[in-house]
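Below is one structure; the comments refer to it alone.
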Amino acid sequence: CAVCYHRPPVCVCVFNTLFSFILLFCFPPADCKLNTDHAGVLLVERRGSYPLIDLQILKSRSLLGFLDWILSCSPAANSICRLSLSFQRYCHASRLLRGLVPRTPVSLHLLDDGYLGQAAHMLSKVATWNFDIFLFDRLTNGNSLVTLMCHLFNVYGLIHHFQLDMVKLHRFLGMVQEDYHSQNPYHNAVHAADVTQAMYCYLKEPKLAEQLSPLDVFLGLMAAAAHDVDHPGVNQPFLIKTRHHLASLYQNTSVLESHHWRSTVGMLRESGLLSHLPADMSQDIEQQLGSLILATDISRQNEFLLTFREHLDHRDLDLELPSHRHFILQIALKCADVCNPCRVWELSRQWSERVCEEFYRQGDLERKFDLEISPLCNQQADSVPAIQTGFISYIVEPLFEEWHRFTEPSLLSRTMMGQLHQNKARWSRLRYARTPSATQMDPQVEEPEPAGSSGEEDGGDIP
Ligand SMILES: *[C@@H]1O[C@H](CO)[C@@H](O)[C@H](O)[C@H]1NC(C)=O
Ligand SMILES: [Zn+2]
C-alpha cells in the first residue's frame, strides 16, 4: 500500500477500503457471486493464507450485508468484485480488527526496564538448551523473534559482514514476525523463535561451527525464523480438500512450505534488505532459503533420512563442500523444527498441548463443514499422549538418532536424547493412565515428577 507501506493484507490505512467503496458505488459488479461448495466452505481467491472466511460472522454486520447485496445484483467488472473481496480479506487479516496493535520495535522502549533487563539477561544464555522461549516472549512483549534475531545477527557480526541496513533489517524482521498468526496455538512467531534458538544451538555444534561460512549462518537463521511464516493453522490436506487458492497455486505439493518460502522472498524484496548485494548473490540467497524451508515438509522426511543415513554410513560428508554444508543445514533445520520432545519436560509439554490444540481446531472446522475429520484432529479420539508418542516414535526419534551420530555425539545431543527418552516414557505412562479403566480406578491420576529428574534438568550449564 502506497499510503501505509504495508502489503495489502495488513494495510492499516483506510484509503484502500474507501477506494473500493467508491468504486463499488460507481461501478457495481456483475456476476460476482461468492462461491460456496456443498459444505458451505467459501472459496474465494485470496493472497493470504487464511483458511476460511466465516460468512456468518461477516454477514451479521450490516455493512457486509450491504456489500453482499451490491455484489449479487448489479452489472460491472470482475476486478471490482476483487476489490470488495479484498475488503473482506482486510477485515480478516487486519491486525487492528483482530485486536492486535502492530508492534514495532519502538514499543520496546515503553516496556519496564526491569523486563528488558531480564530479557537481556536471558539473551546472555541464549545458547543453553533449556532456554525458556515462552518467558522470553513475555519479557519482550511478544517480540521474541525480532529481538532474538537481532541479537544473533550481532553475535555473528552478520550486519557488518553483509553490510546490512539496520532499518531494513528491522522492517524485514518486523514483517516476518507480524505475518505469523498469533492466534494459532502452535504455528505462531514463538514457534519460529523457538526453532531459531534451536538452530543457533545446532550451528554451534563443535562438528559444524568451525566449518560454517557467514553465509551459511545467515541462511540457517533466516530460514529458521521464516520457515512457517503466515501458516494458516491447518495442514495441507485441509487446504487441498477445501480447494484453497494456495493448494492450486502450488499444485497440491509442499503447499504450505512453498507459501512460507515465497512469502519470505516477497518480504525480502519489499524490505530491500538484500538490495545492495549483487543480483546473483541475492538470487542465490532466495533459492537456498527455498531449499531449506522446503526441507521442513514432513512428508519428505524419509528422503532426507535415507540420504543422511547413507552419508553417515559411508563417512563421506565433507563439510568443506558448500553442497554438503547445505545438506547439513537442511537436516539441522528439520531437527530444530521438531525438537520440542527433546526439550526439558515443562517446555516440551506446553508445545505438545499447543500443537494438539491446533489439530483439534482443524478437526472442529472439519466437523462444522461436514468434511472428513483428519487423522490426529479428533479431540474425542486422539489424546495428547497418543499423538505425542506416535510423533516421537515415527518422526523425532529416527531423525535425532542420526543427528546424534553426526555430532559424534556431542554433549548437547546426549542431553537431547536423554530428554527425548524421558519425555516419551512420560507420555506413554500418561497414555495408560488415561485409559477408561485406569481413570475409573483413580480419577485423580497425575503423573508424578520422576525421581531425580529435577536434578538432571537443573542444567543452567547444559550447552
Ligand atoms: C489437487 O487435488 C484436488 C483434490 O484432490 C484435485 O481436484 C486437483 O486436480 C489437484 N490438483 C493438482 C494440480 O494435482
Ligand atoms: Zn515449524
- Message: Can you find a residue that is outside any helix (DSSP H, G or I) and either in contact with a Pro (Cβ under 9 Å, 6 or more places away or on another chain) or of a type in the set (G, A, S) (or both) anywhere in the range 295-316?
- Response: yes
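Okay, residues lined up against (1) at pLDDT 95 or above; (2) surrounded by fewer than 19 Cβ atoms within 10 Å (Cβ to Cβ); (3) within 13 Å of the chain's Cα centre (by Cα):
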{"residue": "L135", "(1), (2), (3)": "yes, yes, no"}
{"residue": "I159", "(1), (2), (3)": "yes, yes, no"}
{"residue": "V167", "(1), (2), (3)": "yes, yes, no"}
{"residue": "A189", "(1), (2), (3)": "yes, no, yes"}
{"residue": "Y200", "(1), (2), (3)": "yes, no, no"}
- Item | Failed criterion for F238 (all others in (1) more than 16 Å from ligand 1 (Cβ to nearest atom); (2) open to solvent by less than 10 Å² (accessible area, probe 1.4 Å); (3) in a helix (DSSP H, G or I) hold) | (1)
- Item | Condition met for A247 (among the aliphatic types (A, V, I, L, M) and within 16 Å of ligand 2 (Cβ to nearest atom)) | no
- Task: Hey, can you tell me all the residues within the range 228-241 that are within 10 Å of L256 (Cβ to Cβ), under 15 Å from the mean Cα position of the chain (by Cα) and not β-branched (V, I, T)?
- Result: D228, D230, H231, P232, N235, Q236
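Condition check ((1) assigned to a helix (DSSP H, G or I); (2) farther than 26 Å from M416 by Cβ; (3) in contact with a strand residue (DSSP E or B) (Cβ under 6 Å, 6 or more places away or on another chain); (4) within 15 Å of ligand 2 (Cβ to nearest atom)) across all residues:
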{"residue": "L148", "(1), (2), (3), (4)": "yes, no, no, no"}
{"residue": "H160", "(1), (2), (3), (4)": "yes, yes, no, no"}
{"residue": "Q163", "(1), (2), (3), (4)": "no, yes, no, no"}
{"residue": "H187", "(1), (2), (3), (4)": "no, no, no, yes"}
{"residue": "V190", "(1), (2), (3), (4)": "yes, no, no, yes"}
{"residue": "Y200", "(1), (2), (3), (4)": "yes, no, no, no"}
{"residue": "L212", "(1), (2), (3), (4)": "no, no, no, no"}
{"residue": "M222", "(1), (2), (3), (4)": "yes, no, no, yes"}
{"residue": "V234", "(1), (2), (3), (4)": "no, yes, no, yes"}
- Message: What's the number of the only condition in (1) open to solvent by 70 Å² or more (accessible area, probe 1.4 Å); (2) touching a Pro at 6+ places or on another chain (Cβ under 8 Å); (3) not aliphatic (A, V, I, L, M) that H244 fails to meet?
- Response: (1)
- Give the number of residues within the range 154-199 that are of a type in the set (F, W, Y) and either within 16 Å of ligand 1 (Cβ to nearest atom) or farther than 11 Å from A226 by Cα (or both). 3
- Query: Taking into account only those residues within the range 266-276 that are open to solvent by less than 10 Å² (accessible area, probe 1.4 Å) and either farther than 19 Å from I159 by Cα or in a helix (DSSP H, G or I) (or both), which is farthest from ligand 2 (Cβ to nearest atom)?
  - Reply: S271
- When both residues are 6+ apart or on different chains and their Cβ atoms are under 6 Å apart, which pairs have a first residue that lies in the range 364-392 and is free of Cβ contacts under 8 Å to residues at least 24 places away in the same chain, and a second that is of a type in the set (F, W, Y)? L376/F359; C377/F359; Q379/Y360
- Message: List the residue pairs whose Cβ atoms are under 7 Å apart, where the first residue sits in the range 272-294 and is more than 17 Å from L329 (Cβ to Cβ), the second is basic (K, R) and assigned to a helix (DSSP H, G or I), and the two are 6 or more positions apart or on different chains.
- Response: G272/K168; L273/K168
- Only listed residue being under 17 Å from the mean Cα position of the chain (by Cα), open to solvent by less than 50 Å² (accessible area, probe 1.4 Å), more than 13 Å from ligand 2 (Cβ to nearest atom) and at pLDDT 95 or above, chosen from V255, V217: V255
- Message: Anything in the range 132-164 that is touching a residue at least 60 places away in the same chain (Cβ under 8 Å) and over 18 Å from N188 (Cα atoms)? List them, or say none.
- Response: L152, F153, Y156, L158, F162, Q163, L164
- Considering the range 357-398 alone, what residues qualify as being among the polar types (S, T, N, Q), within 26 Å of I331 (Cβ to Cβ) and open to solvent by less than 20 Å² (accessible area, probe 1.4 Å)? Q388, T389
- Message: Just to verify a result, which residue in the range 295-331, among those that are under 16 Å from the mean Cα position of the chain (by Cα) and in contact (Cβ under 8 Å) with a residue 60 or more places away in the chain, is least open to solvent (accessible area, probe 1.4 Å)?
- Response: T296
- Within the range 258-265, identify whether any single residue is buried (at least 22 other Cβ atoms within 10 Å of the Cβ) and within 16 Å of ligand 1 (Cβ to nearest atom), and answer yes or no. yes
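The values are calculated or read from the model by the stated rules, or taken from the named source; none is laboratory data. In this text, all values refer to a predicted model and were calculated from it rather than measured experimentally. Every residue, glycine as well, gets a Cβ built from its backbone with ideal geometry; the counts of neighbours run over all protein chains shown. For accessibility, only protein heavy atoms count, side chains too; no ligands or nucleic acids. Shrake-Rupley method; radii C 1.70, N 1.55, O 1.52, S 1.80 Å.
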